[in-house]
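Quick note: the coordinates plus some simple rules give every number you see, no bench work behind them. In this text, all values refer to a predicted model and were calculated from it rather than measured experimentally. Note that we place each Cβ from the backbone using ideal geometry, even for glycine, and neighbour counts take in every protein chain shown.
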Amino acid sequence: MLKIVSFTLGPVQTNAYLVADSETKEAVVIDPAWDGHIILAEAQKRGWRIGHLWYTHAHFDHIGGAGAIADALNPLPLVALHPNDHVLWRAGGGGALFGFDIDPGPEPTIDFVHGMKLRLGSVDFEVRFTPGHTTGHCILYVASSDVCFCGDLIFAGSVGRTDLPGGNWDALVKSIQEQIYTLPDNTRLLSGHGPETTVDEEKLNNPFVSGS
Ligand SMILES: [Zn+2]
Ligand SMILES: [Zn+2]
């Protein structure tokens with residue numbers, strides 16, 4: 001069964017998600033935002049083994065905890081990211097622009113591809129390519145649990161900014177309409193910042209991207 005522990009960490013209050021199959025105790029961290037030791041301690045307390053780090057995108061505030069997590073694990077966790085965000089990853093997630101110098105942790109070796117399925121224990125995650133906030137942004141959808149980890153694509157009542165390098169408003173709108181608003185209405189949206197919401201709620205009330 002899929003278990004999700006969420007954290008809000010770091011200088012811009014980024015959500016990190018520690019996700020596990022509670023039977024096999026295999027775990028991944030989706031966006032290890034900041035303060036990796038906090039995420040790691042929670043996994044250890046629960047007896048979960050972190051084998052992977054999955055990044056919705058490579059902004060510094062979503063990967064800032066990766067180094068501390070990886071330093072404590074042997075073998076190293078495998079890192080997955082869309083190739084379009086590798087340049088951003090190499091540039092420290094753009095943190096220099098905001099005065100942050102992060103340890104980006106292990107190099108990404110798994111390339112996200114639209115439609116790709118990732119397995120955690122008995123749970124399938126579907127990768128959906130959703131450029132707009134960055135050129136390589138992806139979301140992770142778990143149909144069996146009606147949940148979608150949507151990074152900085154969409155927030156409760158808001159959307160990801162498109163004024164940073166690689167941002168593109170038209171692409172963001174298209175990604176939301178084609179990859180979020182096509183999911184079942186009751187799908188929980190777990191975003192990179194702020195509280196969770198649902199597809200239905202955003203289709204009806206999101207002031208930036210209409211669902212009709
Ligand atoms: Zn971002
Ligand atoms: Zn963010």
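Okay, here's what the table says:
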{"quantity": "Simple spin-label estimate for LEU164 and THR8 in nanometres, 7 Å along Cα-Cβ", "calculated": "1.8 nm"}
{"quantity": "Selected from ARG128, ARG90, ARG188 as most flexible by GNM, with the chain as the system and alpha-carbon contacts under 10 Å", "calculated": "ARG90"}
{"quantity": "Most mobile of SER144, SER22, SER175 in a GNM of the chain (Cα contacts under 10 Å)", "calculated": "SER144"}
{"quantity": "Difference of contour (0.36 nm per residue) and Cα-Cα distance, ASP200 to SER212", "calculated": "3.2 nm"}
{"quantity": "Separation in nanometres of the label points that stand 7 Å from Cα toward Cβ, at ALA143 and ARG119", "calculated": "1.6 nm"}
{"quantity": "Net lengthening on full extension, ARG46/SER22 (0.36 nm per residue, minus Cα-Cα)", "calculated": "7.7 nm"}
{"quantity": "Highest-first arrangement of 153-162, 24-33, where packing means the average Cβ count within 10 Å", "calculated": "24-33, 153-162"}
{"quantity": "Whole-number percent relative contact order across the chain, with pairs defined as alpha carbons under 8 Å at least 6 apart", "calculated": "16 percent"}
{"quantity": "For peptides 8-15, 177-184, sequence by mean Cβ density within 10 Å, most packed first", "calculated": "8-15, 177-184"}
